[in-house]
Amino acid sequence: MSSKSPRKKRDKIEILAIITVSFLIVVTTSLFIATPIFGIYGLYNVVQELNLASVDFFDETFSNITYFGAFFVLIYLISSLLDITSKILARLNQFQFSKKTMVLNYIIQVLICSILFTVITDYYFSRIDIAFLGLVILFTLIYAVNYLMLDVNETTD
């Protein structure tokens, strides 16, 4: 009976952590989208001053929201598909991830995503110019959040 009690507390903590991280991701993404659209001096201007990204805006706000929304959905899709692909390949080869190999896997995925996204951005999103270093930073942040939310059962120490 006492063995079940700590498990319930851990599950509540895990759920709370996932909700908190998800909320932070939504807020951060909303702020990142809202900053260039509403012209607020902030993240967009800092990124532009560091020559990590520059954006040419449409005249209509709805067009900007649609354009940047598609951009962020594509970022999510590429990183998710690459992560799923790596997990499928690992299971097919009966490879067990440790925390060190998972970090190496994420580093490789960051580089592949950055290279892929450079090509896609140049072709489909001509109004957004992101430097390769900016993409590396972006995907590093995405995979860092993914690594923090990693299920303990997915790795072997």
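No value in this document is a laboratory result; all are computed from the given coordinates. None of the values given here were measured: they were computed from a predicted structure. Using ideal geometry, Cβ is built from the backbone for each residue, glycine included, and neighbour counts are taken over all protein chains shown.
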Problem set entry | Residues of the range 58-101 with amide N under 15 Å of the 7 Å Cα→Cβ point at I25 | 72-84
Exercise. What FRET efficiency, computed as 1/(1 + (r/R0)^6) with R0 = 22 Å and r the Cβ-Cβ distance, is obtained for F72 and A17, rounded to the nearest 0.05?
Worked result: 0.40
Problem set entry | Per-peptide average of other Cβ atoms within 10 Å, ordering 101-114, 77-90, 53-66 highest first | 101-114, 77-90, 53-66
